[in-house]
1. Compute a Gaussian network model of the chain, connecting alpha carbons closer than 10 Å, and tell me which residue from Arg59, Arg117, Arg170 fluctuates the most.
2. So what is the relative contact order for the chain, in percent, with contacts set as C-alpha pairs under 8 Å and at least six apart?
3. Any chance you could run the full-extension gain for Ser17 through Ala166? It's 0.36 nm times the residue separation minus the Cα-Cα distance, nm to one decimal.
4. Please list log₁₀ I(q)/I(0) at q = 0.19 Å⁻¹ for the chain, using the Debye equation with identical point scatterers on the alpha-carbon positions.
5. In sequence order, what are the phi-derived ³J(HN,Hα) couplings for region 2-7 according to the Karplus relation 6.51 cos²θ - 1.76 cosθ + 1.60 with θ = phi - 60°, rounded to whole Hz, with x for glycine and proline?
6. Which sequence of Thr132, Thr6, Thr112 reflects their accessible areas, 1.4 Å probe, from the largest down?
7. Only helical DSSP H runs with n ≥ 4 go in: add -39500 (n - 2.57) per run for the chain, normalise by residue count and round the 222 nm mean residue ellipticity to 500 deg cm²/dmol.
8. Going by amide H atoms built from the backbone, whose H comes under 5 Å of the H on Thr132, apart from near neighbours?
Amino acid sequence: MDTKVTVKDKVFKKMLSKEVIDARIAELAKQIDQDYEGKELVVLCVLKGAMPFAADLIRKMHLRIRLDFIRLSSYGAGTESSGKIQELVSTGQDLSGKHVLVVEDIVDSGLTLEYLRKDLSSRQVASAAIATLLFKPGNFKGNLAPEYKGFEIANEFVVGFGMDYAEEARQLDSIYQLDEA
Ligand code: 5GP
């Protein structure tokens with residue numbers, strides 16, 4: 001059921017079910033709880049795509065956390081990255097001396113991740129790590145891979161669970177990949 005969805009002009013097929021995603025997020029939450037035991041963590045959700053992942057992740061974590069948001073944009077309306085990062089909304093918090101966990105929906109080229117790592121180090125945080133639901137190692141051009149990865153996937157364009165195609169499909173509770181057939 002619902003193994004294919006049409007979003008605008010494209011057909012997508014199911015890649016990861018909500019049950020599989022939920023189980024993996026529980027594992028990541030447990031790992032993060034262990035790694036930051038006794039510390040307070042600022043969870044920095046990268047809007048808009050990471051919102052569902054961050055919401056599920058923090059509710060499975062037991063640490064004391066502060067939640068904050070930033071909004072970056074590297075994609076235009078299509079399925080290829082524009083290669084440019086724009087900061088559309090910035091955190092209002094002073095992050096200096098804080099342990100910061102950036103929560104991303106997907107790390108693709110790593111451009112966004114590199115931007116965030118530089119930005120955080122210039123803010124003199126105590127530590128910075130990245131948790132991403134999806135990681136495309138085949139496309140990654142950064143120096144340091146994300147510390148926490150939900151799933152490694154091939155170079156497919158995906159939607160659902162926060163991720164969009166031209167601003168649609170973010171509300172799907174599973175993850176779908178472009179169906180080339
Ligand atoms: P990067 O800077 O690593 O190339 O790309 C990061 C951002 O590009 C992600 O946060 C996400 O918004 C977008 N992105 C990368 N790959 C995909 C994809 O397969 N599907 C969607 N919907 N967005 C993607």
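1. Of the options given, Arg59 has the highest mean-square fluctuation.
2. 26 percent
3. Extra length from Ser17 to Ala166 when fully extended: 51.4 nm.
4. At q = 0.19 Å⁻¹ the computed log10 ratios are -1.35.
5. Values per residue, Gly and Pro as x: 6, 7, 10, 9, 9, 10 Hz.
6. Thr6, Thr112, Thr132
7. Roughly -7000 deg cm²/dmol at 222 nm, from the helical runs in the chain.
8. It is Glu104, Tyr148, Lys149, Gly150, by chain and number.
The values are calculated or read from the model by the stated rules, or taken from the named source; none is laboratory data. A quick note: this is a predicted structure, and the numbers were derived from the prediction, not measured. Only protein heavy atoms, including side chains, enter the accessible area calculation; ligands, DNA and RNA are left aside. Shrake-Rupley method; radii C 1.70, N 1.55, O 1.52, S 1.80 Å.
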